[in-house]
Amino acid sequence: MEIPAHDPKHDHAEISNDEVNFLDPGFLNPAENMALDALLLDLPGWWFRLTRWSTPCVTLGRFQTFLAGSTRSPIQRESHGEIPQIYPFQISPQVTLSHPATALPAVRRITGGGSILHGEDLTIAISGPCPSDVFPRRKPAEVAAYFSQKISAVLGDHIQTRGGHDEENSMQSIVDCFDRRSPSDLVFDPGSGPVKAGGLALAFRPGRVLLEGSLKREHLSLDRPHDQTHDRQWLSRVAQQLLSLPPHSSLKEGSHRWHEDLSDIPWEESHLGECVRQKVDSQFGQEKWNRR
Amino acid sequence: MSEVPQNRNYLSSHEWAMPEDDHVVVGITEFAASELGELVYIELPEIGSEVHFDQQFGEIESVKAVSALNSPLNGTVVEINSALVESQEAISETPYDDGWMMKIKPAEDSAMDQLLSPQDYESQLSE
């Protein structure tokens, strides 16, 4: 399927700043991070979230087989790279299930796609209403293409959306997200053909969409994760691009409030932090969910 | 315009329900299948499990996107189309026939009239 161009009539959607939330809750363990993303899918409004990992880990696509990660893809890695050295995060692993290929903690996402090694990447999550002014249709290929185009616009001219045709069925035997090819990939071309620099995956519920994205910092001129300000400014620019907010918007770089404490955020007569813990206990910290 | 069979009712989230003997057959519409694109995985409920009106009964993956499948009725799952777990082609090719997903025994409080009529669903698609 050819990626359709975004309809320009939706480029000035009227979105109140009150509906746009920024979240940077600090270092969470893998199960907590995935639980929080799942909850964001159900929260009203727009959420732009930086995901920081208390430990390097692997996330698996919603339907991936857990043990599939122990076999290497027969297709040569596009990036020709080794598994990167893990950036020294604060180590406090609370998930004991280890991925067989890497011996790292592993947790299953609610979004689709392939497995991702998190450590040195920039991980983000965005959730919002769909269909909506931003996404007129709940068509996964179109929604993914729009996300990809807007994120690539913030990353600079050297990063493009891959485009082209879906090859989903032929990609299923490939374990690693960065070995797969998809029209919504963020790619750059060092002169020898496109190299995947970012992968996006989605989950839909009635009226809502969640994007989880992993961007390779080494290919994107993105600073290391200890530079919190830089990541926040970057994600703010993504929000402005994605929501087509006017330049005078209070979302102007760095001028809006970032939620840093989940307990500040009301959620179903409780607080988001408590709900994350409950969801870890019932789902994302459970072997039944993570191993299949 | 996608085909909208007149012998069943619909959820606004694009699932259909068709009475058949003492149970109700459930699937997704041609429009939904077309929008989803190339399908790669589906998870259906276990036989005997309870499903609830407008609540999730399964999930389906296409183009790296996982979408919820919602039940049009309250009831108990009596049969699933297990062939779909191996191949989802029938959902795309014949969503109103071989692409059915589950059969449920409706609960007593279940009512087809809380669903969209074919005409109402056609109107939704044309908006």
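Please treat every number below as a calculation from the coordinates, not as lab data. For clarity, every value in this text was computed on a predicted model and none was experimentally measured. As a convention, Cβ positions derive from the backbone with ideal geometry for all residues, glycine included, and neighbour counts pool all protein chains shown.
Want the number for B:Ala83 to B:Asn7: 0.36 nm per residue separation, take away the alpha-carbon distance, what's left? Write out the running numbers ahead of the final one.
Numbers: separation 76, 0.36 × 76 = 27.36 nm, distance 2.40 nm.
25.0 nm is the gain from fully extending B:Ala83 to B:Asn7.
Pull up all non-local amide H partners of A:Gly164: gap of 5 or more, or a different chain, and H-to-H distance under 5 Å with H placed in the peptide plane.
For A:Gly164, whose amide H was placed from the backbone, the distant partners under 5 Å are A:Ile3.
Over 26 Å between Cα atoms, which of A:Lys150/B:Lys64; A:Lys279/B:Lys64; A:Lys150/A:Lys196; A:Lys216/A:Lys279 qualify? Provide the component values of the computation, followed by the final result.
Working: A:Lys150/B:Lys64 18 Å; A:Lys279/B:Lys64 23 Å; A:Lys150/A:Lys196 16 Å; A:Lys216/A:Lys279 28 Å.
Check vs 26 Å cut-off fails for A:Lys216/A:Lys279.
Taking θ = phi - 60°, what integer Hz values does the Karplus form 6.51 cos²θ - 1.76 cosθ + 1.60 yield along the range A:114-124, in sequence order, with x for Gly and Pro?
x, 6, 9, 8, 9, x, 10, 7, 9, 9, 9
How high is the relative contact order of the range B:15-109, in percent, counting Cα pairs under 8 Å that sit 6 or more residues apart?
Working: 211 pairs, mean separation 32.4, N = 95.
Here the relative contact order equals 34 percent.
Determine, for each peptide in B:102-115, A:120-133, A:147-160, the mean count of other beta carbons within 10 angstrom over its residues, then list the peptides with the highest first. List each step's numbers first, then the result.
Values: B:102-115: 15.9, A:120-133: 20.9, A:147-160: 18.9.
The peptides rank, most packed first, as A:120-133, A:147-160, B:102-115.
Measure out, as a whole number of angstrom, how far apart the alpha-carbon centroids of the range B:1-43 and the range A:203-221 sit.
29
Applying the Karplus parametrisation 6.51 cos²θ - 1.76 cosθ + 1.60 with θ = phi - 60° to the phi angles of the range A:44-53, what ³J(HN,Hα) value in whole Hz is obtained for each residue in order, glycine and proline being reported as x?
Result, rounded to whole Hz: x, x, 9, 10, 10, 10, 8, 10, 10, 9.
Using the Karplus equation 6.51 cos²θ - 1.76 cosθ + 1.60 (θ = phi - 60°), what ³J(HN,Hα) coupling, rounded to whole Hz, does each residue of the range A:214-220 give in order, writing x for Gly and Pro?
These are the phi-based 3J(HN,Hα) values: 10, 10, 7, 4, 5, 9, 10 Hz.
Let me make sure I get this right: for chain B, a, b and c are the square roots of the gyration tensor eigenvalues over alpha carbons, sorted descending. Under 1.5 in a/c it's rounded, otherwise prolate if a/b > b/c, else oblate. Which is it?
Numbers: a/c = 1.62, a/b = 1.07, b/c = 1.52.
It comes out oblate by the Cα gyration axes.
Between the range A:138-193 and the range B:50-97, how many Å separate their Cα centres?
Going from one Cα centre to the other spans 27 Å.
Starting with the highest mean, order A:37-46, B:87-96 by the number of other Cβ atoms within 10 Å, averaged over the residues of each peptide. Numbers along the way, then the final one.
On the way: A:37-46: 19.4, B:87-96: 17.6.
Per-residue Cβ counts within 10 Å, averaged per peptide and sorted highest first, yield A:37-46, B:87-96.
How many nm is it between the label spots at A:Asn169 and A:Ser282, if each spot is 7 Å from the Cα in line with the beta carbon?
The modelled label-to-label distance comes out at 3.7 nm.
Calculate, in nm to one decimal, what B:Asp54 and B:Asp109 gain on full extension: separation in residues at 0.36 nm each, minus their alpha carbon distance. Could you put the intermediate results ahead of the total?
Numbers: separation 55, 0.36 × 55 = 19.80 nm, distance 1.38 nm.
Residue separation times 0.36 nm, minus the Cα-Cα distance, leaves 18.4 nm.
Over the whole of B:33-40, what's the average partner chain Cβ count within 10 Å per residue? Rounded to a whole number, please. Mind dumping the intermediate values first?
Numbers: counts 0, 1, 6, 5, 8, 10, 2, 8.
Taking all residues of B:33-40 together, the mean is 5.
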